[in-house]
Amino acid sequence: MNDDKFALPIHWNDYEDIAMSLYEKFGDDFGEQKIYRIRFTELLDWVLSLPNFKGTREESNEGHLEQIQTAWVYEWRDNQ
């Protein structure tokens with residue numbers, strides 16, 4: 001996502017939007033194997049730091065983070 005002030009807010013259930021933002025941020029630095037090896041604590045911090053992300057640390061859970069990882073892998077694959 002871009003830093004556009006008119007962009008819609010992103011929440012925990014917006015897995016594809018989060019994945020696109022992470023792919024835009026990290027590009028091909030993270031391939032499939034590397035994405036699945038990211039610690040959830042690190043992934044959580046990265047998601048919370050995304051522009052327009054409005055979720056909170058307390059609203060996160062392991063299921064959200066797993067879905068985000070999977071969506072990020074699909075996003076990476078789509079760009080190969």
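Projecting the alpha carbon convex hull of the chain along each direction and taking the average yields 4.8 nm². Placing +1 on each Lys and Arg Cβ and -1 on each Asp and Glu Cβ, with no other charges, gives the chain a dipole about its Cα centre of roughly 160 debye. Distance between the C-alpha centers of the range 31-74 and the range 8-25? Whole Å please. Using only Cα atoms to place each centre, the spacing works out to 9 Å.
For the range 18-80, the set of trypsin sites (Lys or Arg not before Pro) satisfying both a DSSP loop assignment and a count of at most 10 other C-beta atoms within 10 Å is given as R37, R39.
Read-outs throughout are calculated quantities, based only on the coordinates presented, and are distinct from any laboratory measurement. Just so it is clear, the model here is predicted, and its values are computed rather than measured. Positions of Cβ are generated from backbone atoms using ideal geometry, with glycine treated the same way; all protein chains shown enter the neighbour counts.
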